1. Tally the residues that are within 13 Å of the ligand (Cβ to nearest atom), open to solvent by less than 50 Å² (accessible area, probe 1.4 Å) and out of contact with any Cys (no Cβ under 6 Å at 6 or more places or on another chain), restricting the search to segment 152-187.
2. Restricting to segment 19-56, what's the tally of residues that are in contact with a Ser or Thr (Cβ under 7 Å, 6 or more places away or on another chain), away from the ligand (no atom under 15 Å from the Cβ) and farther than 19 Å from Trp83 by Cα?
3. Only one of these is of a type in the set (S, T, N, Q) and more than 15 Å from the chain's Cα centre (by Cα): Thr141, Thr165, Thr151. Name it.
4. Looking at Gly52, Gly6, which one is out of contact with any Leu (no Cβ under 6 Å at 6 or more places or on another chain) and within 26 Å of Leu184 (Cβ to Cβ)?
5. Residues in segment 1-30 that are modelled with pLDDT of 95 or more, among the hydrophobic types (A, V, I, L, M, F, W, C) and more than 16 Å from Arg176 (Cβ to Cβ): how many?
6. Lys62 is checked against (1) touching an Asp or Glu at 6+ places or on another chain (Cβ under 8 Å); (2) at pLDDT below 95 and fails just one. What number does that condition carry?
7. For the list (1) without any contact (Cβ under 8 Å) to a residue 40 or more places away in the chain; (2) touching an Asp or Glu at 6+ places or on another chain (Cβ under 8 Å); (3) over 24 Å from Ala57 (Cβ atoms), I need the number of the one condition that Pro110 fails.
8. Tell me which of these Arg100 doesn't satisfy, since it passes every other one: (1) closer than 18 Å to Val140 by Cβ; (2) within 12 Å of the ligand (Cβ to nearest atom).
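The values are calculated or read from the model by the stated rules, or taken from the named source; none is laboratory data. A quick note: this is a predicted structure, and the numbers were derived from the prediction, not measured. Here the Cβ is made from the backbone with ideal geometry for all residues, glycine too, and neighbour counts use every protein chain on show. Surface areas here come from the heavy atoms of the whole protein model, side chains and all, with no ligands, DNA or RNA. Shrake-Rupley method; radii C 1.70, N 1.55, O 1.52, S 1.80 Å.
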Amino acid sequence: MTVRLGVLASGRGSNFQAIQREIEAGTLDARIHLLLSDRQQAPALAIAREHGIDARALPYDKTDREAFERAAGDALDAAGCQWIVLAGFMRILTPYFIDRFAGRILNIHPSLLPAFKGLHPQRQALEAGVKFSGCTVHLVTQDLDAGPILTQAVVPVHPDDTEATLSARILAEEHRIYPEAIRLLGS
Ligand code: GRF
């Protein structure tokens with residue numbers, strides 16, 4: 001059955017594009033019904049519209065995070081989204097939103113969780129001197145970057161890696177495993 005997705009994105013939206021590419025190629029039986037952003041200028045919005053996806057920015061006020069989440073939740077429900085895909089959404093969700101969509105929110109994190117939670121995981125991996133890192137698709141729970149893991153991919157860390165080179169190697173795997181994880185939801 002076609003998986004009905006809603007996407008939250010704050011930035012360039014390359015993970016969103018990777019998912020949409022597989023949908024259009026017919027290798028992922030899903031449809032993005034709505035893309036929402038907390039940033040009017042997010043490139044993801046323009047890209048989504050080019051693909052005929054309903055894409056909207058909603059005002060985000062740090063002093064009232066729930067206001068964004070109530071509006072986003074209502075729009076996602078009205079669009080009939082079963083699953084919420086966080087694709088570079090740079091805001092911490094409050095318990096309100098996580099409860100409202102309990103067990104139906106996916107995130108991708110550029111480390112092999114439970115290692116290197118939080119900000120700058122690629123930098124954390126380099127600083128720790130690990131030989132391998134990667135990315136993780138997981139369900140979102142109230143604990144940051146700690147929900148049940150759906151899939152992971154491993155990449156080597158090279159001695160001459162910078163944060164940029166390691167991030168690029170991990171990102172290529174993100175684009176492969178995020179669609180793969182969504183495929184699992186429909187199976
Ligand atoms: C990705 O590295 C993702 O793992 C992290 O934020 C980045 C978003 O990139 N959560 P993009 O907007 O999907 O290109």
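1. Residues in segment 152-187 being within 13 Å of the ligand (Cβ to nearest atom), open to solvent by less than 50 Å² (accessible area, probe 1.4 Å) and out of contact with any Cys (no Cβ under 6 Å at 6 or more places or on another chain): 9 in total.
2. Adding up the residues that qualify gives 0.
3. Thr165
4. Being out of contact with any Leu (no Cβ under 6 Å at 6 or more places or on another chain) and within 26 Å of Leu184 (Cβ to Cβ) holds for just one of Gly52, Gly6, which is Gly52.
5. Counting residues in segment 1-30 that are modelled with pLDDT of 95 or more, among the hydrophobic types (A, V, I, L, M, F, W, C) and more than 16 Å from Arg176 (Cβ to Cβ) gives 5.
6. (1)
7. (1)
8. (2)
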